[in-house]
Amino acid sequence: MEAPARDGTLRLLPASPPDIIRGVQKDDIYSNQLHDGCQDLAQRVLGVFPALQYEREVRLLAQLLYHGVTTGAGLQTLGEEYCNMMQVTRDGQLLSRQHRSTLVLLQSLGPYLAESVFRQLDAYNVSGSNATFGDGGAQHDSNTVLGEGGAQHDSN
């Protein structure tokens, strides 16, 4: 948003939190639509099973494409445009190319890398849970199996 200053020039006002949230939600909608289109293309080119195996990478590609075409090119995202917002520095200047590139990489690679780390930690905890962490010393009957309803005792 802009407001006239005393000297007649326009100055930018900070975006309100509801506007920021609305903008991010709008960006998510368009980004998800782009992901769906990319996923559909991947299924047509690679087949259903390989496309599902690479869904995370397809999402990364869609994120890079969306943010690269908007933020990377120095344009507003569709959410920013919808809420009449712009990304600027603290002194109201447009972002440099390096800053925009960093934002694109963080917005796209950040979630992908975080999910990769959490998957690795989860795999480590699952594979090492019996040997490393244990279950707090609880003893299990060798005939006890875990099912959907929790622990079930095998009556054999």
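The values are calculated or read from the model by the stated rules, or taken from the named source; none is laboratory data. What you are looking at is a predicted structure, and each value in this text was computed from that prediction instead of being measured. Because the Cβ atoms are built from the backbone with ideal geometry, glycine has one as well, and the counts that use them run over all protein chains shown. Keep in mind that these areas ignore ligands, DNA and RNA; they rest on the heavy atoms of the full protein, side chains included. Shrake-Rupley method; radii C 1.70, N 1.55, O 1.52, S 1.80 Å.
Give E80, E2 a once-over and let me know the one that is among the acidic types (D, E) and at pLDDT below 95.
Details: E80 fails: at pLDDT below 95.
Sole residue among the options that is among the acidic types (D, E) and at pLDDT below 95: E2.
If the requirement is being surrounded by 15 or more Cβ atoms within 10 Å (Cβ to Cβ) and farther than 23 Å from Y112 by Cβ, which of these qualifies: Q39, Q76? Spell out the reasoning first.
On the way: Q39 fails: farther than 23 Å from Y112 by Cβ.
Q76 is the lone residue from the list that is surrounded by 15 or more Cβ atoms within 10 Å (Cβ to Cβ) and farther than 23 Å from Y112 by Cβ.
Can you tell me which residues in the range 84-103 are of a type outside the set (A, V, I, L, M, F, W, C) and part of a helix (DSSP H, G or I)?
Initially, the range 84-103 is screened for residues of a type outside the set (A, V, I, L, M, F, W, C), giving 84, 87, 89-93, 96-102.
Scanning the range 84-103 gives R97, Q98, H99, R100, S101, T102.
Six or more apart or on different chains, Cβ under 6 Å: which pairs go from a residue in the range 41-69 that's within 27 Å of L103 (Cα to Cα) to one that's open to solvent by 30 Å² or more (accessible area, probe 1.4 Å)? Could you list them?
Filtered contacts from the range 41-69: L60/Y112; A62/L34; Y66/L34; H67/Q107.
Hey, among the residues in the range 42-63 that are open to solvent by 40 Å² or more (accessible area, probe 1.4 Å) and aliphatic (A, V, I, L, M), which one's nearest to the chain's Cα centre (by Cα)?
L61
Taking the range 36-73 as the search range and keeping residues that are of a type outside the set (V, I, T) and in a loop (DSSP other than H, G, I, E, B), which one is farthest from P14 (Cα to Cα)?
Checking each candidate, the answer is G47.
Of all the residues that make up the range 74-83, how many are out of contact with any helix residue (DSSP H, G or I) (no Cβ under 8 Å at 6 or more places or on another chain) and assigned to a loop (DSSP other than H, G, I, E, B)?
If we filter the range 74-83 for residues that are out of contact with any helix residue (DSSP H, G or I) (no Cβ under 8 Å at 6 or more places or on another chain), which is where we start, we get 76, 81.
Then keep just the ones that are assigned to a loop (DSSP other than H, G, I, E, B); that gives 76.
Residues flagged as out of contact with any helix residue (DSSP H, G or I) (no Cβ under 8 Å at 6 or more places or on another chain) and assigned to a loop (DSSP other than H, G, I, E, B) within the range 74-83 amount to 1.
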